[in-house]
Amino acid sequence: MAAPDIQHAIPANYNWDPAAIPAASTWIPPRWMTAPNTPPKTPKHTNVNGLGEPWDPIRPSFHGVDLTKADPLLKVPNVEIRSGNDDTVVAFVDVNILDSTGAAPYRGDVLVKGKRIVSVGSKLTSETLQGALVVNGRGRTLMSGLCDAHAHATWINSPTLDDITAMPIEEHTILSARSARQFLDGGYTMCVGAAAAKPRMDLVIRNAIQAGDIPGPRYLANGQEMAPSSGALCEGITSYVETPEDITNVINTFADTGIDSIKLSMSGDEILEDLRAEVTTFSDELVAAGVEAAHARGIRVCSHARSDKAIRQCIQYGVDILYHGSFISDESMDALEAQKDRIFVAPTLNILYSSLLAAEKSQFRFTTSAVPKYRRELDICIAASKEMKRRGIKVLPGGDYGFAWTPHGSYQDLELFVNLLGYTPMEATLSATALGGEVMLHSHELGKVQPGYYADLLLVDGNPLEDISVLTPTNGKLDVIMINGQIHKAKHV
């Protein structure tokens, strides 16, 4: 396909520097950017996938697997934390209960026994309170802990990925354990690992959390991201795969260790001058083989996919979690919508937003010359994410934290969802709680304040539905953090 005319690649209501558009770009602004208030036109869809096989984006399947539903081969990951005393009783009295069912908050009491919630709403009797640790809420908000769907515990706030690959594994492990604790300190009780810097490090952190050896969230472990040698974002964090046989072998090796998911790095990134975000790094054969191998072992596939071709590959071959998704086309958006009950999307707004701020200030090896390209992709990602929300696609927070300019503890995704994407505070809260339970594949026991659910709770000084910033940990409003029925942090109780 010929590159589009540069001026036509800039929607009328956006003021981009043409120099920010790569010379080889084939991206055409989609309808939600060029004519957001006009009735949608049905784009012409291709009827074959990238392998030349029949493809129906509205009734999608691949090799007999219905892509509108989760692959039945997938296993439910273990999220149990084995520490804690089943006899412990904690009573939260006079709290404003935000239960993440979508209902308005209401005043009441919540009782926790052992690791789970046993009573919600009803006023607790004096007999029930005897022997319990009583936390007087005084009207503060009690809610579920939050989920980061794009978590990197092994990113340890370094200026570059090369810095962490060069770090000895002993120091790296200790600092990764610190990252896990910082997620929990910030109110994040659920995390989906989005690639580990070293092959087994996510696994080691997950296992230590589940054993009760270190504090941290319920964590789904990933392996190193995979890419062909010509498409690696960083050499040291990548397991190289060139052929379907390669990717099958690498995935089986990771699966043998007990990881929960694998990561394909299927496009470039604006942080790299020689591998921009619109470049696709995987062949269709490699993606199809990777998904088939992972699902055969019962584990999910997530993908770094910024380019439209990479996004379309995810949709056509059954990738389960799509990261970024900025340069999505009209055709791909329609196909993604058809699979909205299966695919989860984490656009990682924070990394673009924070990279733009760092470039504007010439911080952390960024220069002001990088401002136009980050501004362009941020605008495109915001528009795409808004359209995904409008269509009911499952969009979750997860901000690529762990770089020097996106340090652990600065988790601000929910503010960005409200301020940049137009989410209501309730919608943003549900994306990080109830939807978090879904992406963890434990929606029956994670992400809500309901009887029988794990007691992973936050007592917040303020009402997130009035001011979503109270959930940003740097604002100091998280008074109590509980995980697995155990109080991790408490103040003003």
Legend entry - Residue that is most open to solvent (accessible area, probe 1.4 Å), among those in the range 386-441 that are touching a residue at least 40 places away in the same chain (Cβ under 8 Å) and acidic (D, E): E438
Inset, instruction - Taking Y423 as the residue in question, decide whether it is modelled with pLDDT of 95 or more, of a type in the set (F, W, Y) and more than 30 Å from A103 (Cβ to Cβ). - result: no
Inset, instruction - Considering (1) at pLDDT 90 or above; (2) surrounded by 11 or more Cβ atoms within 10 Å (Cβ to Cβ), say which one H45 fails and leave the rest. - result: (1)
Inset, instruction - Considering every residue within the range 201-222, establish whether at least one is assigned to a loop (DSSP other than H, G, I, E, B), touching a Lys or Arg at 6+ places or on another chain (Cβ under 9 Å) and of a type in the set (V, I, T). - result: yes
Legend entry - Subset of the range 92-123 [part of a loop (DSSP other than H, G, I, E, B) and either open to solvent by 20 Å² or more (accessible area, probe 1.4 Å) or hydroxyl-bearing (S, T, Y) (or both)]: S100, T101, G102, A103, A104, P105, K115, S122, K123
Inset, instruction - Can you give me the number of residues within the range 1-21 that are modelled with pLDDT of 80 or more, open to solvent by 50 Å² or more (accessible area, probe 1.4 Å), of a type in the set (A, V, I, L, M) and assigned to a loop (DSSP other than H, G, I, E, B)? - result: 1
Inset, instruction - Pairs only if they're at least six apart or on different chains, beta carbon under 7 angstrom, first in the range 239-254 and of a type outside the set (S, T, Y), second open to solvent by 90 Å² or more (accessible area, probe 1.4 Å); list them, first residue then second. - result: P244/E285
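Residue by residue, here is whether (1) crowded, with 21+ Cβ neighbours inside 10 Å; (2) more than 30 Å from E415 (Cβ to Cβ) holds:
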site: S261; (1), (2): yes, no
site: S267; (1), (2): yes, no
site: L275; (1), (2): no, yes
site: I299; (1), (2): yes, yes
site: E337; (1), (2): no, no
site: P347; (1), (2): yes, no
site: V371; (1), (2): no, no
site: L378; (1), (2): no, no
Legend entry - Complete set of residues in the range 376-398 that are outside any loop (DSSP other than H, G, I, E, B) and closer than 24 Å to W155 by Cα: E377, L378, C381, V395
Inset, instruction - Would you please name the residue that is farthest from R297 (Cα to Cα), looking only at residues in the range 231-256 that are at pLDDT 95 or above and small (G, A, S)? - result: S239
Inset, instruction - Starting from the range 60-88, take each residue that is closer than 25 Å to L220 by Cα and list its partners that are among the hydroxyl-bearing types (S, T, Y) and open to solvent by 40 Å² or more (accessible area, probe 1.4 Å), counting only C-beta distances under 7 angstrom and pairs at least six apart or across chains. - result: L67/S61
Legend entry - Scope the range 465-490; condition among the aliphatic types (A, V, I, L, M) and buried (at least 16 other Cβ atoms within 10 Å of the Cβ); matching residues: L465, I468, V470, L471, L478, V480, I481, M482, I483, I487
Legend entry - strands (runs of 3 or more DSSP E) lying entirely in the range 126-190 (those with 1 or more residues that are under 20 Å from the mean Cα position of the chain (by Cα)): 141-144, 146-151
Inset, instruction - Find the residue count for the range 134-176, including only residues that are in contact (Cβ under 8 Å) with a residue 60 or more places away in the chain and either more than 24 Å from L349 (Cα to Cα) or of a type in the set (A, V, I, L, M) (or both). - result: 16
Legend entry - Index of the failed condition, I311 passing every other in (1) open to solvent by less than 10 Å² (accessible area, probe 1.4 Å); (2) in contact (Cβ under 8 Å) with a residue 60 or more places away in the chain: (2)
Inset, instruction - Would you mind stating whether V493 is in contact with a strand residue (DSSP E or B) (Cβ under 8 Å, 6 or more places away or on another chain), among the β-branched types (V, I, T) and open to solvent by less than 50 Å² (accessible area, probe 1.4 Å)? - result: no
Inset, instruction - Can you give me the number of residues within the range 277-287 that are open to solvent by 10 Å² or more (accessible area, probe 1.4 Å) and either β-branched (V, I, T) or in a helix (DSSP H, G or I) (or both)? - result: 5
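The values are calculated or read from the model by the stated rules, or taken from the named source; none is laboratory data. These numbers come from a predicted model, not from an experiment. For neighbour counting, all protein chains shown are included, and Cβ atoms are generated from backbone atoms with ideal geometry for every residue, glycine included. Note: accessible area is taken over every heavy atom of the protein model, side chains too, but ligands, DNA and RNA are not part of it. Shrake-Rupley method; radii C 1.70, N 1.55, O 1.52, S 1.80 Å.
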